[in-house]
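Before any comments, here is the structure.
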Amino acid sequence: MTRNTTTGNTTTGNRPLIGVLGASGAVGRAAVRELRALGHTGLRLGGRTASALCAVAEEDPAGHDETVWADATAPDGLRAFTEGCDIVLNCVGPTYRLRATVASAALAAGAHCVDVAGDDPAAEDLLEDGDPARDGRTVVLSAGALPGLSSLLPRWLAGQGLDSASALTAHCGGLESCSPTVARDLMLSLTSGGADGAAYGEALAAVRGGRRVPRALRTAEDTEHEAFPGRVALQPYLSGESERLATVLGLDRLDWYNVHPGPAVRTLLNLLPGRLAAGDDPARLADRLILAAALDLAGRRPYYVMDFALSGTASGQPATAGLTLRAASSYRLTAAVGALAVDAVLRAEVPAGVRFACDVLDPDTVVRHLRSQGVADLRLTGAAAGAAPAEQVEEGVL
């Protein structure tokens, strides 16, 4: 089904035509709502299930959106979807397999692109084909919760009451449903290489003396953390994004932990590397991960937490600043960052070329949006609490 089909490179009234690929998925549907909240209408909604796309389109009472069948793995369908768009917001995966597929199709159609995932490998692919900046086009990668918000929030926190920062400890994770895209991405992340064939990140590694140090940390299988209810597992992991963050903030130390509160998911994650090495079908393992997440969530309220603790100086004295974000869904967090990136590109606030969201989005704007739209609750401690206006210390609802 197609509603209000448009022609040319803009919708009626010269509004830019935004294509949302994967519009009926967990992230895509939330991204459509975020874009509408930012004032963008007349969207092109793409996906593989017509009925689901129509349901999303019908959420807009004005009825200006159109729906188009599109499959990121089908070149003809992807070409038809991107044709005529001014910008494409990619909300589909698996990221580790698609890499720059959608961004390349958007550029070929003369459109900008924002990808809620994508990382160094996607950037590498795009630059091999020639810098999009030469045609005045922009691609924004890693415009989600993690990666994306995972670097934007520490950058924002570093400006809240601290003169300088030297160490960061981060804990990110939650209890929520596992989408098929997330499950497939996890399977591929355990077996696929990243930029230049290297790994996307390194388990147990951390930053020491400003450099990556292998096996600097240990996994804690059953422990507690004040930002998370109940028992959790802490798995150290140093990504390329985190290494860049350490460089930008001038950090001497950085410890990053992925947090897994659910026992069924924790148990399966411990088994996955061995099962993949033994030749088990990744698709079946992904199905098991989806089921494990559902079992952990049964009867419980979903949540997602990002907790950051910075050490540094304030007024020449040792000081700390903390930020804890709590949200009902990491998928909505990702959608919010993706929509803000689209808005920034359309406002010509992002330079042409291949960019990472954390480098080009204004952290103040992102935090203000999360609070004002009730996407998340942000609580500050230490020097940051003293620096923030009282009415901004706790805002947002779960």
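The values are calculated or read from the model by the stated rules, or taken from the named source; none is laboratory data. Keep in mind that this is a model prediction, so the values were computed, not measured. Cβ: placed from backbone, ideal geometry, glycine included. Neighbour counts: every protein chain shown. To get the accessible areas, we keep the full protein, side chains included, count just its heavy atoms, and leave off ligands, DNA and RNA. Shrake-Rupley method; radii C 1.70, N 1.55, O 1.52, S 1.80 Å.
Every condition in (1) part of a loop (DSSP other than H, G, I, E, B); (2) more than 23 Å from the chain's Cα centre (by Cα); (3) of a type outside the set (A, V, I, L, M) is met by Gly312 except one, and the failing one is (1). For segment 95-143, a residue qualifies if it is modelled with pLDDT of 90 or more and among the polar types (S, T, N, Q), and the qualifying residues are Thr101, Ser104, Thr138, Ser142. Taking into account only those residues within segment 375-398 that are within 21 Å of the chain's Cα centre (by Cα) and modelled with pLDDT of 95 or more, which is farthest from Thr41 (Cα to Cα)? That would be Arg379.
When restricted to residues that are surrounded by fewer than 18 Cβ atoms within 10 Å (Cβ to Cβ) and not hydrophobic (A, V, I, L, M, F, W, C), segment 354-370 contains 5. Could you please let me know if Ala216 is part of a loop (DSSP other than H, G, I, E, B), modelled with pLDDT of 95 or more, farther than 20 Å from Leu297 by Cα and not acidic (Asp, Glu)? Taking the combined requirement at face value, the residue satisfies it.
Residues that are open to solvent by less than 30 Å² (accessible area, probe 1.4 Å) and either closer than 25 Å to Ala100 by Cα or not small (Gly, Ala, Ser) (or both) within segment 41-65 comprise Leu43, Arg44, Leu45, Gly46, Gly47, Leu53, Cys54, Val56, Asp60, Asp65, listed in sequence order.
All conditions in (1) at pLDDT below 95; (2) open to solvent by 40 Å² or more (accessible area, probe 1.4 Å); (3) in contact with a helix residue (DSSP H, G or I) (Cβ under 6 Å, 6 or more places away or on another chain) hold for Met187, with the sole exception of (2).
Residues are listed down the side, and each one gets a yes or a no for (1) of a type in the set (A, V, I, L, M); (2) surrounded by fewer than 24 Cβ atoms within 10 Å (Cβ to Cβ); (3) touching a residue at least 12 places away in the same chain (Cβ under 8 Å):
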position	(1), (2), (3)
Val20	yes, no, yes
Thr67	no, no, yes
Ala70	yes, no, yes
Ala80	yes, yes, yes
Val92	yes, no, yes
Ala100	yes, no, yes
Ala106	yes, no, yes
Gly110	no, yes, yes
Glu124	no, yes, yes
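Hey, any hits in segment 301-309 for a residue that's more than 21 Å from the chain's Cα centre (by Cα) and either over 25 Å from Ala170 (Cβ atoms) or among the aliphatic types (A, V, I, L, M) (or both)? No, the conditions are met nowhere in segment 301-309.
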